[in-house]
Amino acid sequence: QFYCITAAASFVGPSFLKEPPSRVDFANETGARIDCSAGGSPPPNISWLSGDGKQVDSIPQTRELLANGSLLFPPFRPSGYRQDVHATTYRCVAENTVGRIHSRDVRVRADAQNNYDKLCL
């Protein structure tokens, strides 16, 4: 006689462990990181969408998707300011085989200061 024992797999849809804030303002000298994490079974994948619903990709030295699910805006020169990256809306998405959830909208605004030396006449 043979007995087969199978472990009952429990699947759980994603839920946010850390949902990003609704607004992130930062200076170009400091940059910013927006954290997003979620739990579930199987563990969900984290991705980001722009305000128009398109998938967000990394742009070298401008916007980076980190392996932990965070969205990083490194410090940048004022000449590197991009309105479509630094003054727009993002949304975090957590997805596994059970389901998909979206975070609240995150309004991002970078303040790119032009710090020219003052002229004294």
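Details
- Sparse-neighbour loop sites [trypsin sites (Lys or Arg not before Pro); the stretch 22-121; at most 14 other C-beta within 10 Å; DSSP]: Lys54, Arg82, Arg104, Lys118
- For the chain, accessible area per residue (1.4 Å probe, heavy atoms of protein chains only), Å²: 68 Å²
- Kirkwood analysis of the Cα pair distances in the stretch 76-116 returns a hydrodynamic radius of 12.4 Å.
- Legend: Rg and Dmax of the chain, from Cα coordinates, 20.0, 100 Å.
The values are calculated or read from the model by the stated rules, or taken from the named source; none is laboratory data. All figures in this text were calculated on a predicted structure; none of them were measured in a lab. No Cβ is skipped: glycine too gets one built from the backbone with ideal geometry, and neighbour counts run over all protein chains shown. All accessible areas refer to the heavy atoms of the entire protein, side chains included, with ligands and DNA or RNA removed. Shrake-Rupley method; radii C 1.70, N 1.55, O 1.52, S 1.80 Å.
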